[in-house]
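Trainee: Take a look at the following structure, please.
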Amino acid sequence: MKATFRPALVLFSVLTLICGVIYPFAVAGIGKLAFSEQAEGSLVSRNGELVGSALIGQAFSSPRYFWGRPSATGPMPNNAAASSGANQGPLNPALIDNVKGRIAVLKDVDPDNTLPVPVDLVTASASGLDPEISLAAAQYQAARVARERKMALEEVHGIIGKYSRGQYLGFFGEPRVNVLALNLALDQRQ
């Protein structure tokens, strides 16, 4: 029994030290050195005040702002502690009702908009925390934001263009724009 117990205890202690102490500190240290902004949460401050993170979606509900993807992290939207998928298939009546309700809200706030509603404005993402929307979703909201802020539509389109990003590595995903960065840029204009 002692012949088996001692090597098992030594192996357990060594692996605990390597996997539970050395490895996490090494990875955290490398992350801090190589990606210091991201390791700190990509926090965004304006005038010395913390306003959000570039990596986690924010809940905007005023028609003066661009809205991000709906969050599936109820009851508080964009709650990173409750991040998970909605797990509703395309034929699930709850998903269909949610999408219809979100379309109704978009139509109520901008009844003259005849553009097709982009899917990312009415469906929650896998994490429920997406900080970005597609360019189609930004363009869909541009007229409403311009009207509410009494800005020229071309100026709003220019801000969208300035803050848009292309595909990852030139071929992953689709062009997108960070909602927090877009809304902060709008606030700086007025």
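Trainee: Looking at Gly52, is it on the phi > 0 side of the Ramachandran plot, assigned to a strand (DSSP E or B) and not hydrophobic (A, V, I, L, M, F, W, C)? Spell out how you get there, then give the answer.
Mentor: Values: on the phi > 0 side of the Ramachandran plot: yes; assigned to a strand (DSSP E or B): yes; not hydrophobic (A, V, I, L, M, F, W, C): yes.
So Gly52 fits the description; yes.
Trainee: List every residue pair whose Cβ atoms lie under 9 Å apart, where the two residues are 6 or more positions apart in sequence or sit on different chains, the first residue falls within the stretch 16-31 and is within 22 Å of Ser42 (Cβ to Cβ), and the second residue, located anywhere, is assigned to a helix (DSSP H, G or I).
Mentor: Sorted first by the residue in the stretch 16-31, then by its partner, the pairs are Ala28/Ala39; Gly31/Gln38; Gly31/Ala39.
Trainee: Does at least one position in the stretch 114-123 carry a residue that is under 21 Å from Val44 (Cβ atoms) and either among the acidic types (Asp, Glu) or within 14 Å of the chain's Cα centre (by Cα) (or both)? I'd like the intermediate steps shown before the answer.
Mentor: We begin by selecting, within the stretch 114-123, every residue under 21 Å from Val44 (Cβ atoms); these are none.
Scanning the stretch 114-123, I find no residue that is under 21 Å from Val44 (Cβ atoms) and either among the acidic types (Asp, Glu) or within 14 Å of the chain's Cα centre (by Cα) (or both), so the answer is no.
Trainee: Let me ask something else about it. How many of the residues in the stretch 50-73 are touching a Ser or Thr at 6+ places or on another chain (Cβ under 9 Å) and aromatic (Phe, Trp, Tyr)?
Mentor: Count: 1.
Trainee: To continue, here is another question. Could you look through the stretch 87-126, keep only residues that are assigned to a loop (DSSP other than H, G, I, E, B), closer than 18 Å to Ala72 by Cα and among the aliphatic types (A, V, I, L, M), and pick out the one that is modelled with the highest pLDDT?
Mentor: Filtering the stretch 87-126 down to residues assigned to a loop (DSSP other than H, G, I, E, B) leaves 87-92, 110-118, 122-126.
This time we only want the ones that are closer than 18 Å to Ala72 by Cα, so: 87-92, 118, 122-126.
Still in the list and also among the aliphatic types (A, V, I, L, M): 91, 122, 124, 126.
On the way: Leu91: 85, Val122: 91, Ala124: 81, Ala126: 72.
Checking each candidate, the answer is Val122.
Trainee: May I pose another question? Does the stretch 127-137 contain at least one residue that is over 19 Å from the mean Cα position of the chain (by Cα) and not in a helix (DSSP H, G or I)? Outline the logic, then answer.
Mentor: First, the residues of the stretch 127-137 that are over 19 Å from the mean Cα position of the chain (by Cα): none.
No, every residue in the stretch 127-137 fails to be over 19 Å from the mean Cα position of the chain (by Cα) and not in a helix (DSSP H, G or I).
Trainee: I'm checking my understanding of the structure. Among residues of the stretch 67-86 that are of a type in the set (A, V, I, L, M, F, W, C) and modelled with pLDDT of 65 or more, which one is surrounded by the most Cβ atoms within 10 Å (Cβ to Cβ)? Outline the logic, then answer.
Mentor: To start, the set of residues in the stretch 67-86 that are of a type in the set (A, V, I, L, M, F, W, C) comprises 67, 72, 76, 80-82, 86.
Those still in the list that are modelled with pLDDT of 65 or more too: 67, 72.
On the way: Trp67: 26, Ala72: 22.
Across the stretch 67-86, the extreme among qualifying residues is Trp67.
The values are calculated or read from the model by the stated rules, or taken from the named source; none is laboratory data. Quick caveat: nothing in here was measured; it's all calculated off a predicted structure. In this analysis, Cβ positions are derived from the backbone assuming ideal geometry, glycine residues included, and neighbour counts consider all displayed protein chains.
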